[in-house]
Amino acid sequence: MGTQRTSNKDVLDAINALTQAITQSVINAPAPAAPAQVQVAPAPTEASSPKAKLDPSYVSHVRVAKAQPYANDKGADVVLYARRNGRGETKLAYCLAEKFAKLRDRGLIGAIEILNPEA
């Protein structure tokens, strides 16, 4: 900083010049490539059986001990679904039905059941 002060008009002129330079660079920039298509899992309309073999006692445990209480707590439908984890094991997971349609899970196998909240 020198001994002279910068006036507000000089600051405004510098900001306007930068704004014009940025605008010109955006206008002259090449168009971006089209975004890649993201595959979204379809929302389940009814319970479906995935291509995974699951122990019925494990399915029952997750349904009764975890997914159903979650549905009751949230007061909304919950989708119980099968997924493959990083080790290649088939596991069960659950989420709200409204979020299942937008679920981005690379290990998704398919929906097992839709659970309604109990009154």
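Any read-out appearing in this document is the output of simple, stated calculations on the displayed coordinates, not a laboratory observation. Since the structure is predicted, the reported quantities are computational estimates derived from the model, not experimental observations. Because the Cβ atoms are built from the backbone with ideal geometry, glycine has one as well, and the counts that use them run over all protein chains shown.
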Taking I27, I22 and counting other C-beta atoms within 10 Å, the order from fewest to most: I27, I22
Amide hydrogen neighbours beyond the local backbone of G110, cut-off 5 Å, H modeled: A82
Hits among lysines - C-alpha to C-alpha of K74 under 16 Å, sequence gap 8 or more where chains match: K66, K99
Aspartates and glutamates whose Cα lies under 18 Å from that of K91, excluding same-chain neighbours fewer than 8 positions away: D55, D105, E113
Rg followed by Dmax, in Å, when region 56-115 is reduced to its Cα trace: 11.2, 33
In order through region 92-106: 3J(HN,Hα) via Karplus (6.51 cos²θ - 1.76 cosθ + 1.60), integer Hz, x for Gly, Pro: 9, 9, 8, 7, 5, 4, 5, 8, 5, 5, 9, 5, 10, 10, 5
Amide H within-cut-off set for L103, under 5 Å, with H built and near neighbours excluded: A41
Rounded to whole Hz, the Karplus (6.51, -1.76, 1.60) HN-Hα couplings of region 71-85, x for glycine and proline: 4, 5, 5, 7, x, 9, 5, 10, 9, 9, 9, 9, 8, 9, 7
